[in-house]
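Asker: So that we are looking at the same thing, I have put the structure below in structure tokens.
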Amino acid sequence: MESLLIANRGEIAVRIIRAARDLGLHTVAIYSELDRDAVHTEMADEAWNVGTAPAAESYLNIDRILEVARESGAQAVHPGYGFLAENADFAQAVIDAGLIWVGPPPSAIRMMGDKIESRVAADAAGVPGVPGTLEPLTSAAQVHEFAAEYGFPIAIKAAAGGGGRGLKVVRADDEIDAAFESAGREAESWFGNAAVYVERYLENARHIEAQVVFDTHGHGLFFGERDCSLQRRHQKLVEESPAPNFTPELRHRLGELALALGAAAGYVSAGTVEFLFADDEFYFLEMNTRIQVEHTVTEEVFGVDLVVLQLQVAMGRELKELGDPTPSGHTIEYRINAEDPSRGFIPTPGTLVRYRAPSGPGIRVDSGVVQGSTISQYYDNMIAKLIVSGADREEAIRRSKRALAEYEIGGVDTTIPAHQYILEHERFVSGDVSTQLVESEMDFSGVERSTA
């Protein structure tokens with residue numbers, strides 16, 4: 001591999017370009033008309049237009065992306081996250097075009113992309129899931145039967161879904177029929193697949209995910225856990241590693257489960273296995289067949305470049321030469337989005353009239369913007385990721401306060417005030433977190449807006 005096409009934009013495209021440069025690879029960027037002057041197009045060795053602003057006409061245009069790959073002479077494609085990253089048809093098309101796909105096999109993407117099929121695979125591999133159905137529901141009557149057996153609350157979820165879309169939490173019998181219909185409609189709208197299933201809804205669980213990497217020689221490595229419990233509307237706000245109040249015994253058990261699932265799926269490349277953790281038990285949720293937004297947390301704790309590792313695995317590297325990964329210190333990531341926390345985190349697209357990122361010991365900022373960049377309504381509104389590390393969690397929190405105070409962004413509202421609020425919350429400070437904490441105990445309505 002000498003030339004790599006990055007089938008993405010923004011922060012993750014910049015991230016991949018840097019990793020490719022570290023390996024001496026030639027980089028090919030793609031861009032929509034709206035992104036003609038974006039940071040990732042300027043950083044790459046060459047950049048090609050793939051269509052107009054709407055993602056369906058540019059970053060999701062498989063035929064045009066493959067045409068650019070052929071005309072540019074690229075030998076490999078890295079999809080990043082989002083857009084086509086977990087599209088098995090795209091992965092197969094890349095392979096069929098004679099290019100190297102920097103990611104898992106299409107078969108693994110399909111298996112893990114279907115939430116029901118992935119639950120069946122996990123069950124066969126001895127990886128326990130939240131009690132639920134293993135076949136698509138055909139009627140609301142099945143949900144009533146499930147609730148009668150397991151009680152409330154329950155969750156009706158899209159089989160092809162993720163990110164909280166097509167998910168309805170039900171707390172009473174008279175809510176089931178409407179929730180079943182609504183989940184199916186939303187699943188069809190978002191994923192083109194109306195299939196749904198039902199499972200128990202764990203109220204006070206933690207969201208713990210395991211980072212794994214598998215090579216093409218059948219060897220896999222476990223790079224620890226990330227706690228992603230701080231969420232609103234099932235979207236992550238803060239991620240950290242190691243998980244607070246987590247024992248070595250729990251970490252070892254988590255690693256065994258994650259590696260067993262990856263092996264059962266015939267997995268290759270970097271992936272994340274997500275679990276709910278409650279009452280000292282892990283329950284499989286799903287596997288994300290891509291590099292994650294929060295991969296940077298793991299990188300800082302383990303001293304590894306996961307994107308470089310992805311590229312090396314795609315070129316045939318054997319992972320067993322790395323030995324057992326060893327963590328050091330503590331890292332927390334904050335998603336800096338163009339949103340107004342005081343008004344329910346509504347998006348606030350616009351131009352960054354002022355932008356100055358923090359720096360200093362323990363501070364890393366991954367972004368795809370500069371002063372003057374525009375956060376568009378057409379794409380994800382993440383401005384940057386602030387990644388803060390310390391010798392321990394206490395130092396990481398102190399540095400976080402300093403870094404957030406240094407961050408200057410003008411022209412749009414941001415999530416910075418929300419993060420500052422979180423850092424002062426007693427349950428976050430103690431590490432007593434759950435997926436319900438943000439929405440049940442945190443009130444952001446009084447935080448000051450950051451627009452200036």
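Asker: So, VAL169, is that one over 30 Å from SER269 (Cβ atoms), open to solvent by 20 Å² or more (accessible area, probe 1.4 Å), in contact with a Phe, Trp or Tyr (Cβ under 8 Å, 6 or more places away or on another chain) and not acidic (Asp, Glu) or not?
Answerer: yes
Asker: Still on this model: Got a number for residues in the range 241-256 being open to solvent by 20 Å² or more (accessible area, probe 1.4 Å), within 17 Å of THR272 (Cβ to Cβ) and either not charged (D, E, K, R) or not in a helix (DSSP H, G or I) (or both)?
Answerer: 2
Asker: May I pose another question? Do we find that GLU300 is farther than 29 Å from ARG165 by Cα and either out of contact with any His (no Cβ under 6 Å at 6 or more places or on another chain) or open to solvent by 20 Å² or more (accessible area, probe 1.4 Å) (or both) in this structure?
Answerer: Answer is yes for this residue.
Asker: Could you list, in sequence order, the residues of the range 284-321 that are within 23 Å of ASP366 (Cβ to Cβ), among the aliphatic types (A, V, I, L, M) and assigned to a helix (DSSP H, G or I)?
Answerer: VAL297, VAL301, LEU306, VAL307, VAL308, LEU309, LEU311, VAL313, ALA314
Asker: Another question, then. What residue, of GLU46, GLU57, GLU86, GLU33, is within 25 Å of SER107 (Cα to Cα) and either in contact (Cβ under 8 Å) with a residue 24 or more places away in the chain or in contact with an Asp or Glu (Cβ under 6 Å, 6 or more places away or on another chain) (or both)?
Answerer: Of GLU46, GLU57, GLU86, GLU33, the one residue that is within 25 Å of SER107 (Cα to Cα) and either in contact (Cβ under 8 Å) with a residue 24 or more places away in the chain or in contact with an Asp or Glu (Cβ under 6 Å, 6 or more places away or on another chain) (or both) is GLU86.
Asker: Consider ALA187 against the criteria (1) surrounded by fewer than 22 Cβ atoms within 10 Å (Cβ to Cβ); (2) at pLDDT below 95; (3) out of contact with any helix residue (DSSP H, G or I) (no Cβ under 7 Å at 6 or more places or on another chain); (4) not β-branched (Val, Ile, Thr): it satisfies all of them except one. Which criterion is unmet?
Answerer: Here ALA187 meets the rest and fails (1).
Asker: Out of all the residues in the range 166-212, which are within 30 Å of PRO327 (Cα to Cα) and among the basic types (Lys, Arg)?
Answerer: ARG206
Asker: Can you confirm whether SER107 is in contact (Cβ under 8 Å) with a residue 60 or more places away in the chain, open to solvent by 50 Å² or more (accessible area, probe 1.4 Å) and within 21 Å of the chain's Cα centre (by Cα)?
Answerer: For SER107, the condition - in contact (Cβ under 8 Å) with a residue 60 or more places away in the chain, open to solvent by 50 Å² or more (accessible area, probe 1.4 Å) and within 21 Å of the chain's Cα centre (by Cα) - is met.
The values are calculated or read from the model by the stated rules, or taken from the named source; none is laboratory data. Everything quoted here is computed from the prediction, not taken from an experiment. Note that we place each Cβ from the backbone using ideal geometry, even for glycine, and neighbour counts take in every protein chain shown. Side chains are part of the model used for accessible areas, which takes the heavy atoms of the whole protein and leaves out ligands, DNA and RNA. Shrake-Rupley method; radii C 1.70, N 1.55, O 1.52, S 1.80 Å.
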